[in-house]
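J.: I am attaching a structure below and will ask some questions about it afterwards.
The values are calculated or read from the model by the stated rules, or taken from the named source; none is laboratory data. Everything quoted here is computed from the prediction, not taken from an experiment. As a convention, Cβ positions derive from the backbone with ideal geometry for all residues, glycine included, and neighbour counts pool all protein chains shown.
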Amino acid sequence: MDRQVVHIDLDTFFVSVERLMHPELCGKPVMVGGGSDRGVVAACSYEARAYGVHSAMPMRMARQLCPEAVILRGDHAQYSKYSDIVTEIIHESVPLYEKSSIDEFYIDMTGMDKFFGTYKMATELRQKIIKETNLPISFALSANKTVSKVGTGEAKPNGQKHIDFGTEKGFLAPLSIKKIPMVGDKTYQLLRGMGVSKIYTLQEMPRELLQQVLGENGTVIWKKANGIDNTPVVPYSERKSISTERTFEKDTIDVKALKGLLVAMTEKLTFQLRSENKLTACVTVKIRYSDFNTYTMQARIPYTSLDHILIQKVGELFDKLYQKRMLIRLIGIRFSHLVQGGHQYSLFEETLEQIQLYEAMDKIRKRFGKDAIHRAVGMNEKLHEFNPFKGNQK
């Protein structure tokens, strides 16, 4: 049975949500991101792109290219709200879907063409989302995730496309190698240095040559260039979570030490989020007292994977939850409502330096271990062993 995979992407999602709240922005060049000269563009409208502006560009450069652009700090809560609305519409409409980021989805419609016609059903779903949210949205239907994602890019803005089974190579051939998922700036420059600019050239190259140049990624990129991708659509579940907790050998009431430990625990979880390119939208803090009574408190937040935001929220929840002033036996943290796609939200940071700091810290942890670098308060608790504790991590 031929696979039928739909890729859906909400066009210029952050800008589109801002325009719903502020219609006067329609038709104007808009940039969302850090407002200072050292900030970074997280998203921009097509009007701004016409001036050469793109995401991840330093805001200072973007202002020079498009001085008349409206610059917005961004409303994370509204973006999360509309993402949840679209997710619910898709959840009610199809049996199997994957939420790959805050504004992207894959839907497996294999076998459904016998009953409805997959392209017709995808068209009706797109129209329903537009009607209920007023957000522009594009999609493409093909035999796999890679071709559908590239197809969506070709269907934009606010369009749709069907790549028939057996025509994948021909569809991809004339496009730039930049269109292939996994081809980032470094890989692009390397391939351009080899004289490769179009996907057609990659299709004609021996797979072994690409593997020699790019390692294991070379084989994957060669397959994608040839329209080959057997990656399944992974069912989305709001229940996915990561967590960690610490049970103390000796019950404690040392609040300063407890907060230091919470910082260290949060850092480890946020590193895990970023390593898996995930974001969380729900934080839970757990306390078990010496009498074995256990209490939890949670809060929904805009999607993020950034230390300072999550450390602050964990601290706030702990302060609200810790009311009994009794000895504590265990503390725990859980991040849930996870979705893929961490890069775009990291661009909302005020400065490029802060983004680069997180990237540098993560690089150190990946090379020397996750305990290689900590904030001072978390490191202090690590060094003093905090009344030696034993821990469990899920």
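J.: Any idea how many residues of segment 70-83 are under 18 Å from the mean Cα position of the chain (by Cα) and either over 18 Å from N134 (Cα atoms) or surrounded by 18 or more Cβ atoms within 10 Å (Cβ to Cβ) (or both)?
T.: 6
J.: What helices (runs of 4 or more DSSP H) completely inside segment 138-211 contain at least 1 residues that are among the β-branched types (V, I, T) and surrounded by 15 or more Cβ atoms within 10 Å (Cβ to Cβ)?
T.: Where helices (runs of 4 or more DSSP H) fall fully within segment 138-211 and carry at least 1 residues being among the β-branched types (V, I, T) and surrounded by 15 or more Cβ atoms within 10 Å (Cβ to Cβ), they are 145-155, 185-193, 199-204.
J.: Kindly evaluate K99 against the criterion of being among the charged types (D, E, K, R), in a helix (DSSP H, G or I), under 16 Å from the mean Cα position of the chain (by Cα) and under 17 Å from Y303 (Cβ atoms).
T.: no
J.: State yes or no: is P206 more than 27 Å from the chain's Cα centre (by Cα) and in contact (Cβ under 8 Å) with a residue 24 or more places away in the chain?
T.: So P206 fails the test.
J.: Of all residues being farther than 25 Å from A77 by Cα and touching a strand residue (DSSP E or B) at 6+ places or on another chain (Cβ under 6 Å) in segment 119-137, which is surrounded by the fewest Cβ atoms within 10 Å (Cβ to Cβ)? Just the residue, please.
T.: Within segment 119-137, the match that is surrounded by the fewest Cβ atoms within 10 Å (Cβ to Cβ) is Y119.
J.: A follow-up question, please. (1) buried (at least 17 other Cβ atoms within 10 Å of the Cβ); (2) in contact (Cβ under 8 Å) with a residue 12 or more places away in the chain: which one isn't true of G218, the others all being true?
T.: Against the list (1) buried (at least 17 other Cβ atoms within 10 Å of the Cβ); (2) in contact (Cβ under 8 Å) with a residue 12 or more places away in the chain, G218 comes up short only on (2).
J.: Would you pick out the residues in segment 91-109 that are of a type in the set (S, T, Y) and in contact with a helix residue (DSSP H, G or I) (Cβ under 8 Å, 6 or more places away or on another chain)?
T.: Passing the criteria: S93, Y97, S101, Y106.
J.: The conditions are (1) touching a residue at least 60 places away in the same chain (Cβ under 8 Å); (2) surrounded by fewer than 18 Cβ atoms within 10 Å (Cβ to Cβ); (3) in the same structural domain as S290 (by TED's automatic domain parsing), and P232 fails exactly one of them. Which is it?
T.: Only one criterion is unmet by P232, namely (3).
J.: Of all residues in segment 4-48, count the ones that are free of Cβ contacts under 8 Å to residues at least 40 places away in the same chain and either surrounded by fewer than 24 Cβ atoms within 10 Å (Cβ to Cβ) or within 22 Å of the chain's Cα centre (by Cα) (or both).
T.: 11
J.: For segment 281-313, name all the residues that are β-branched (V, I, T) and either modelled with pLDDT under 90 or more than 30 Å from the chain's Cα centre (by Cα) (or both).
T.: T294, I301, T304, I309
J.: Return yes or no: is T296 in contact (Cβ under 8 Å) with a residue 40 or more places away in the chain, touching a helix residue (DSSP H, G or I) at 6+ places or on another chain (Cβ under 9 Å) and of a type in the set (S, T, Y)?
T.: The answer is no for T296.
J.: Could you list all residues from segment 70-86 that are modelled with pLDDT of 90 or more and not in a helix (DSSP H, G or I)?
T.: Selection gives V70, I71, L72.
J.: May I pose another question? Out of the residues in segment 54-69 that are in a loop (DSSP other than H, G, I, E, B) and of a type in the set (G, A, S), state the one that is surrounded by the most Cβ atoms within 10 Å (Cβ to Cβ).
T.: Per the criteria, the residue is A69.
J.: So is Y51 surrounded by 15 or more Cβ atoms within 10 Å (Cβ to Cβ), more than 19 Å from the chain's Cα centre (by Cα), assigned to a helix (DSSP H, G or I) and of a type in the set (F, W, Y) or not?
T.: The answer is no for Y51.
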